[in-house]
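As structure tokens, the structure follows; a few thoughts come after it.
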Amino acid sequence: MSESHAKLGFLRSYVFSTDHKVIGIQYGITALLFLFFGLCLMMMMRWQLAYPGEAIPIIGGLLGETLVDDGAMLPSFYNSLGAMHGTIMVFMGIVPLAVGAFGNYIVPLQIGAPDMAFPRLNMASYQAFVIGGLVMLSSFFLPGGAASSGWTSYAPLSVTATTGQTFWLIGMIFLIASSLLGAINFIVTIIHLRAEGLTFFRLPFFIWSQLVTAFLLLLAFPPLQVAAIFQLMDRLADTSFFMPTGLVSGGDPVAAVGGGSPLLWQHLFWFLAHPEVYVLILPGMGIVAEVIANNSRKPLWGYRPMVYSLLFLGFMSFCVWAHHMYMTGMGTTMSTFFQITTMIISIPSVIILTCLVISLWGASIRFPVPMLFALAFLPMFGIGGLTGLPLGLAAPDAHFHDTYYVIGHFHYVVAPGTIFAMFAGIYHWYPKVTGRQMNVPLGKLHFWLSFVFMNGIFMPMMFEGMAGVSRRLFDPTVYEIGAAVHGLTTMSSWSAWLLALSQIPFIINFFMSMRKKERAEENPWQATTLEWATSTPPPHGNFVEPPVVYSGPYEYSVPGASSDFSPQFIKQES
Amino acid sequence: MSEIVIPYRTEPHPLTGVTSGKLGIWLFLASEVMLFGALFSSYVLLRVGAAEGTWPTGVEAGLNVPIGTFNTLVLITSSITMVMSWASLKMGNPGAFKRYMGATIALGMLFLVVKGFEYSGKFHHGIFPATGWPGASDPSTFYGFYFTITGLHALHVFLGILVNIWLLVWGLALYKTEPERFAGRVEISGLYWHFVDLVWIFLFPLLYLL
Amino acid sequence: MNDPQYGWWLPPDVSVHGADIDFMINAIHWFMLALFIFWGGFIVYCLIRFRARPGHVAIYRDIEAKWNRWLEIGVAVAETVVLVVFAMPVWAKIKDDLPLAPEQDAMVVRVVAEQFKWLFHYPGRDGTFGKTGPEFYADDNPAGLDFDDEAGWDDITVRGFHFPVDRPVIARLTAKDVIHSFKIPVMRITQDVVPGMEITIWFQAKETGRFQVGCAQLCGLGHYEMKANLVIESKEDFQKWLDEEHEALGLDE
């Protein structure tokens, strides 16, 4: 097998590969680069927020006059940064990392498959992702700048915006296509290519989370595809899907016939975007479950309720979208329906989190670096989830809608939530991919600094929102309330810059550790799941012999066993 | 590189009863249902929410029902020939496969040609996607919908034709070495083609008749 | 009228329905804090008591945690109570109970949002709004009044929002160009303003003061400075202000 692999040239092995492991690494590197870029955009914004109207240090002198005025940020640039930060982090950062990288690399290994069901489709997914990402990035170089109507691109603002918005729409079409193709691949792989003996309820929780995520991507993205096409038609062909009659822009009537509805965009957008937020969190929950089970040396508590909760959550995520639209003038009937579904959907989330927490009871807990991130995920996701409660009810939402409270809420879930889960996954599976362990003191430094500064950024935002400061403001001090609590804004900004610096130990660790001479053991975490049944890195085709599964995924500390872990791919003598 | 053998490419999986390719196309069609569902829902939402008399029926908007009906029959017939082409393969008759697949492609192209006539007729009368109906006061974006929805559908037909041409001209070589696998590919393309036909069967009454 | 004190928790509440909203916000946050302390405490306890050490073995069997089932049920019950007893009735009151009865003597005002300013359109002494239309928009006619309609001649269109205390206000909101959002934190009001729609809300203040109206939906480059001054004043002061505005129209000359 390795001979035929050696025959392939560099391009076929590393650039146009159909091997899920190579594609997973490609996704991972690309996504991490995009995440870092998205972080840089935000750091510039945080300067303007903390020191409104002041020239940006160093960078201010380098940017052109369409972006800055004497080094100080212009409102147009601020709005572009905001829209692109959100878009890049969500669609080009987290989803490709959580699903494209971790999913692609780990799923076939963890189910004992030689590769994904459709390797060439897999490669096509990655290529569509890269094209979409490049289209998005290239929009920064347009004369009118990148998209600037928020990652939510509400019409009519987005329809009358500069060309950057068209690039955003085209980029989205490619990114959506990438996710759709990937979703098909994941679902067929998980259903069809499980190893012998690997029944559904012996699957690691990570696989279940990827399966549900794939269904969400498959079924929720098409309406946004439609919406993007409608918006392109409105922008380029002067149709009026989202343009009502009688619009003016800058005093002049807009050249559209009218008869359309701005709220139609919102319905189509949020029909995707709500399931999308579950896409953002579920793979992370899956990784946290794996790391916690492994480092508590006992089975997960409530594995079955967790799986059923996952399935129920996936289904319910299609029924709550209009809780993003409570303030659009909706009547009591519709808002009642969505408040009820929103309250219902909090229950499976609580169940999953509670099961993970209870899994710690009666455990024997080790604290390697991945476990630190996985443990921190629990309270951080807890805060994020809990702050969703006042937002999910329409009456309190009247105060919190479009304030910093919302920004704090979703960042708690995604930043010290999902991103910590991603870090946990990187530290945990690094030895599988590279054959080396990451340096532990650097890892612990990375963890503690990140934990402190994540909270330093987002906890002040909860209070800013409570005070009534609106989001997406180029200069919040224009308002009395924003001026009164400006200290909170400055605190968030400094924490953001320090958080960025805190990633340096991680970056150094990530690259340095690859070149260590000392190799890690084959199964350094004494784990029970199938990805550890093969060599490091796994060969082309993953397993020399197709593995057979004999037990559940978390057989740790089995009474009477010879060691404190019983891998599911080894038959235990009873 | 593709030395690794991925199971269930040609034999069905015991749980689902189908090959991986077939499961894959069914999943793809599920996403397409969501796509066209969103299109239809948007049309319904805007039309139901609009004021009395601002949205035309198909006839009022100048859509030609006999031509639309003809196109519907063309697509339905092409679905039949598509099934026949697959059945020919299963019965070991590649010659019949070629004839039926050729007919499917030809009928698909006929659909697009007729569509082209319909579009150019509209353009001739000064009706474009941006045109409002009825006129200046209280217009609706019916034509925006008409061109966008039928355009997207036509794009799907076009892509289906391309796949079928590939199967007929280049793909057939696989029949000599792995007839079951090739028949599977034709079946998968057939499922997609039936779906595209089904969408039109909903589109035609929605736009032309209601 | 003092300067309002804005701090780290809720801003002052000068509205009639704000107390219900504030009660829900505070109650939910106490609930959240309780859950967080309980869960967080449990986690920390486990991390200490069940840390790996020589001789310590994890328990393989699932624990029979009946109390967890009670916790789940408790959370579900608490959420149901919040929803049915508080959230839905409060929201219904805000949305549906428009003070339309004549004895309620509501003041009606049109609010028109555009990039990047607010316009407040009062009906004037005849109590009737003049006809408006997008075709009449002009720099000196931001409300788009059709001056062929006499009812519009005495309409007052201003950039600052005045309304009297202790009297219901019905606001009819619309936008000219993009989606904006009418937000008055001290009144606990947020209402998206959507072009092509006229959305009606009502509110009533219980205290006077000077505050600000803001835009809470990204509307373009000037979104951050789309504020308007808000003056909630006594009925006498409000009438004085109306009279001054009427004078300024110069109708009686």
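Quick one: in the range B:149-196, which of the residues that are of a type in the set (S, T, N, Q) and modelled with pLDDT of 95 or more is nearest to residue B:11 (Cα to Cα)?
B:189
Here's the yes/no breakdown for (1) closer than 22 Å to residue B:149 by Cα; (2) modelled with pLDDT under 95; (3) not hydroxyl-bearing (Ser, Thr, Tyr):
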position	(1), (2), (3)
B:35	yes, no, yes
B:48	yes, yes, yes
B:54	yes, yes, no
B:60	yes, yes, yes
B:64	yes, yes, yes
B:69	yes, no, no
B:75	yes, no, yes
B:106	no, no, yes
B:109	yes, no, yes
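Within the range A:310-337, which residues are more than 20 Å from the chain's Cα centre (by Cα) and touching a residue at least 24 places away in the same chain (Cβ under 8 Å)?
A:312, A:319, A:322, A:323, A:325, A:326, A:327, A:328, A:335, listed by residue number.
Inside the range A:387-412, can you point out the residues that are farther than 17 Å from residue A:468 by Cβ and either modelled with pLDDT under 95 or surrounded by fewer than 23 Cβ atoms within 10 Å (Cβ to Cβ) (or both)?
Answer for the range A:387-412, where residues must be farther than 17 Å from residue A:468 by Cβ and either modelled with pLDDT under 95 or surrounded by fewer than 23 Cβ atoms within 10 Å (Cβ to Cβ) (or both): A:388, A:389, A:392, A:393, A:394, A:410, A:411.
Only residues that are farther than 19 Å from residue C:70 by Cα and of a type in the set (A, V, I, L, M, F, W, C): list them for the range C:26-57, please.
C:27, C:28, C:30, C:44, C:46, C:47, C:48, C:50, C:52, C:57
Could you tell me which of the residues B:123, B:142, B:128 is buried (at least 21 other Cβ atoms within 10 Å of the Cβ), farther than 29 Å from residue B:20 by Cβ and within 14 Å of another protein chain (Cβ to nearest Cβ)?
B:142
Take residue C:62 and tell me if it is modelled with pLDDT of 90 or more, not basic (Lys, Arg) and not assigned by TED's automatic domain parsing to the domain that holds residue C:205.
No: the conditions fail for residue C:62.
Considering the range A:453-470 alone, what residues qualify as being facing another protein chain (nearest Cβ under 8 Å) and either crowded, with 22+ Cβ neighbours inside 10 Å or in contact with a Pro (Cβ under 9 Å, 6 or more places away or on another chain) (or both)?
Across the range A:453-470, the qualifying residues are A:466, A:467, A:468, A:470.
For (1) part of a helix (DSSP H, G or I); (2) within 9 Å of chain C (Cβ to nearest Cβ); (3) on the phi > 0 side of the Ramachandran plot; (4) crowded, with 24+ Cβ neighbours inside 10 Å, each residue gets a yes or a no:
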residue: A:229; (1), (2), (3), (4): yes, no, no, no
residue: A:260; (1), (2), (3), (4): no, yes, no, yes
residue: A:270; (1), (2), (3), (4): yes, no, no, no
residue: A:279; (1), (2), (3), (4): yes, no, no, yes
residue: A:283; (1), (2), (3), (4): yes, no, no, yes
residue: A:299; (1), (2), (3), (4): no, yes, no, no
residue: A:333; (1), (2), (3), (4): yes, no, no, no
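Among what's in the range A:152-197 and is under 30 Å from residue A:106 (Cα atoms) and among the aromatic types (Phe, Trp, Tyr), pick the residue that is surrounded by the most Cβ atoms within 10 Å (Cβ to Cβ).
Residue satisfying both the conditions and the ranking: A:186.
Being of a type outside the set (Gly, Ala, Ser) and either under 15 Å from residue A:407 (Cα atoms) or within 14 Å of another protein chain (Cβ to nearest Cβ) (or both) is the filter here, so list the residues in the range A:72-99 that pass it.
Residues satisfying the conditions are A:73, A:74, A:75, A:77, A:78, A:79, A:81, A:84, A:85, A:87, A:89, A:90.
Can you spot a residue in the range C:242-250 that is under 17 Å from the mean Cα position of the chain (by Cα) and touching a residue at least 12 places away in the same chain (Cβ under 8 Å)?
The answer is no; no qualifying residue exists.
Just name the residue that is nearest to residue A:233 (Cα to Cα) out of those in the range A:156-176 that are within 14 Å of chain C (Cβ to nearest Cβ) and assigned to a helix (DSSP H, G or I).
A:165
Tell me, which strands (runs of 3 or more DSSP E) wholly within the range C:57-164 include 1 or more residues that are over 30 Å from residue A:351 (Cβ atoms) and either among the acidic types (Asp, Glu) or without any contact (Cβ under 8 Å) to a residue 24 or more places away in the chain (or both)?
C:107-114
Out of the residues in the range C:212-239 that are within 7 Å of another protein chain (Cβ to nearest Cβ), of a type in the set (A, V, I, L, M, F, W, C) and touching a residue at least 60 places away in the same chain (Cβ under 8 Å), state the one that is surrounded by the fewest Cβ atoms within 10 Å (Cβ to Cβ).
Filtering the range C:212-239 for residues that are within 7 Å of another protein chain (Cβ to nearest Cβ), of a type in the set (A, V, I, L, M, F, W, C) and touching a residue at least 60 places away in the same chain (Cβ under 8 Å), the one surrounded by the fewest Cβ atoms within 10 Å (Cβ to Cβ) comes out as C:221.
Here are A:89, A:43: which of them is out of contact with any His (no Cβ under 7 Å at 6 or more places or on another chain) and buried (at least 20 other Cβ atoms within 10 Å of the Cβ)?
So the residue among A:89, A:43 that is out of contact with any His (no Cβ under 7 Å at 6 or more places or on another chain) and buried (at least 20 other Cβ atoms within 10 Å of the Cβ) is A:89.
Go through the range A:380-396 and give me each residue that's in a helix (DSSP H, G or I), touching a residue at least 60 places away in the same chain (Cβ under 8 Å) and not aliphatic (A, V, I, L, M).
Within the range A:380-396, A:381, A:392 qualify.
Taking the range C:222-241 as the region of interest, how many residues are within 23 Å of the chain's Cα centre (by Cα) and either within 18 Å of residue C:176 (Cβ to Cβ) or basic (Lys, Arg) (or both)?
7
Quick one: residue B:44 ticks every box in (1) closer than 30 Å to residue B:141 by Cα; (2) β-branched (Val, Ile, Thr); (3) facing chain A (nearest Cβ under 9 Å) except a single one, so which number is it?
(3)
How many residues, within the range C:168-200, are under 17 Å from residue C:230 (Cα atoms) and of a type outside the set (D, E, K, R)?
Count: 14.
What is the number of the single condition among (1) at pLDDT 95 or above; (2) among the aliphatic types (A, V, I, L, M); (3) farther than 30 Å from residue A:553 by Cα that residue A:188 does not meet?
The one condition residue A:188 does not meet is (3).
If we keep just the residues of the range A:231-243 that are in a helix (DSSP H, G or I) and aliphatic (A, V, I, L, M), which is surrounded by the most Cβ atoms within 10 Å (Cβ to Cβ)?
Selected residue: A:233.
Could you check, for the range B:49-59, whether at least one of its residues is part of a helix (DSSP H, G or I) and under 30 Å from residue A:265 (Cα atoms)?
yes
For the subset of the range A:362-385 comprising residues that are touching a Lys or Arg at 6+ places or on another chain (Cβ under 9 Å) and facing chain C (nearest Cβ under 7 Å), which member is surrounded by the most Cβ atoms within 10 Å (Cβ to Cβ)?
Only one residue fits best here, namely A:363.
Do we have any residue at all in the range A:521-543 that's assigned to a loop (DSSP other than H, G, I, E, B), of a type outside the set (A, V, I, L, M), surrounded by 17 or more Cβ atoms within 10 Å (Cβ to Cβ) and out of contact with any helix residue (DSSP H, G or I) (no Cβ under 8 Å at 6 or more places or on another chain)?
yes
Look through the range A:471-485, keep the residues that are in contact (Cβ under 8 Å) with a residue 60 or more places away in the chain and more than 7 Å from chain C (Cβ to nearest Cβ), and return whichever of them is farthest from the chain's Cα centre (by Cα).
Looking at residues that are in contact (Cβ under 8 Å) with a residue 60 or more places away in the chain and more than 7 Å from chain C (Cβ to nearest Cβ), I get A:477.
The values are calculated or read from the model by the stated rules, or taken from the named source; none is laboratory data. No experiment lies behind these values; they were computed from the predicted model shown. Neighbour counts are summed over all protein chains in view; Cβ atoms, including those assigned to glycine, are modelled from backbone coordinates with ideal geometry.
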